[in-house]
Structures are given as structure tokens and as C-alpha cells.
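The values are calculated or read from the model by the stated rules, or taken from the named source; none is laboratory data. Since this is a predicted model, take the numbers as computed values, not measurements. A quick note on method: Cβ atoms are made from the backbone with ideal geometry, for glycine too, and the neighbour counts reach across all protein chains shown.
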Amino acid sequence: MKQTYPRALLCSLLLLSAITGARAQKTPTYIFPATTFQEDETAQQMEEGTATITGTAKIKKKGRIYFPGRQDQINLYPATSYILEFADLKKKYNKGKKIATMSNEAFTYRIEGRTTDNQGSFEFRNLKPGKYYIVTWIDYDKQDSYSVQTGTSTTYNMYGAALSSSPIYTTYTYNYSVEMEVSGIVEVKSEGEKVNVVITN
């Protein structure tokens, strides 16, 4: 004998569980670099030069290569001591209870670029010699599953008395998209130089 429950009820219970879990999450603590942000140094690095950085952004997950989409955002920051410390903090605090971040002031000193095709190509022109921090975000596919009790199986003896029962589970598999931040430090050594790089995980 098998008892089942309406699928709509199961979906409602799962949704309620997800909402309750999301509300239970606490706001993360944001970790800022201890280095003082030097606005004058950063502004000087942002002055126009003659160098160019071109490259490709991509990530590899389980044997598959993923690229940003065409016209996806990719940012370039002068890699001052403040930004270099931020980049190190990001390796340690990138999710969970603590997340590395930068000040609003530091965030404004950037060149906001766009990828030029579906293969993650990008270009930054008119740069001065120096180090630069390049960062973008790439979506990739993940798969997960969950099991839901959808009924109960009961064994009876010849007299109709229940001997034992066990739950019946149904496993659901689903795909979803995850965004991954990918970044790198690039150095321009001289005016007029053309540097080609690959930003990857």
C-alpha cells in the first residue's frame, strides 16, 4: 500500500524552507585593506599613456571552458598597494561570514570595459606603465539534487496487520548558473607596450 502527497504541497514546503533559510543567514562582515588608499598616487596612474593591454578572460570547470558573454563588464584598477592588499584579501575572504571589499573611493578609480566577443576578449588602451588589477565575472553551470519523501511503503501479513513500513523518496536533479569572479595582476613595463594576457582561475 502506498500513500502519496500532492506535488503542489511538496513544492510549497520546499519554497518555505528555502525562504526561512535565507532569512536565517546573517549579514557578512566586510574586510577592508589596512593600507591607506592614496588618491593622488592612483589618479596619477590613471593619466593617459600609450600602452595597451589585450587578452582573454575564461574559467575551467570540470573539463569545460566558460567565457564571459559579449559586452560583459570587465574592470581595470591601478594596482596600488591598497588594491594589491585587496586582491590578497579576496583569496582568503570571498564568501561566507567574511568578505573582502574596497572603499567607495577606491572603487571609483577604475576603467570599466566590456568584452568584445563571446570568447572573453577584451582591450584597454591609453595606459601608463605600471601594474593593473583586472577583474570580471563569468557564469558557469552546476548540477545538484535533493530527495523528498513522497510516500510510505507498508508491508502487511496475511491477516492484514501491518508488519513494517518504510519511506519512499523521489530524487530531483536540477541545473543552475553560478557566477565566479576571476581576476589577475598585469604589468605594463614601458610606454607604447602591447601586453597580451589570459585572466583565468
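In the stretch 76-98, is there at least one residue being polar (S, T, N, Q) and under 24 Å from Thr50 (Cβ atoms)?
Within the stretch 76-98 (the criterion being polar (S, T, N, Q) and under 24 Å from Thr50 (Cβ atoms)), the answer is yes, since at least one residue qualifies.
Every condition in (1) touching a residue at least 40 places away in the same chain (Cβ under 8 Å); (2) surrounded by fewer than 13 Cβ atoms within 10 Å (Cβ to Cβ); (3) over 31 Å from the mean Cα position of the chain (by Cα) is met by Gly151 except one, and the failing one is (2). With a requirement of 1 or more residues that are of a type in the set (S, T, N, Q) and under 16 Å from the mean Cα position of the chain (by Cα), the strands (runs of 3 or more DSSP E) lying completely within the stretch 69-128 that satisfy it span 73-78.
Of the numbered criteria (1) exposed (fewer than 13 other Cβ atoms within 10 Å of the Cβ); (2) of a type in the set (A, V, I, L, M); (3) modelled with pLDDT under 95, the one Ala34 fails is (3).
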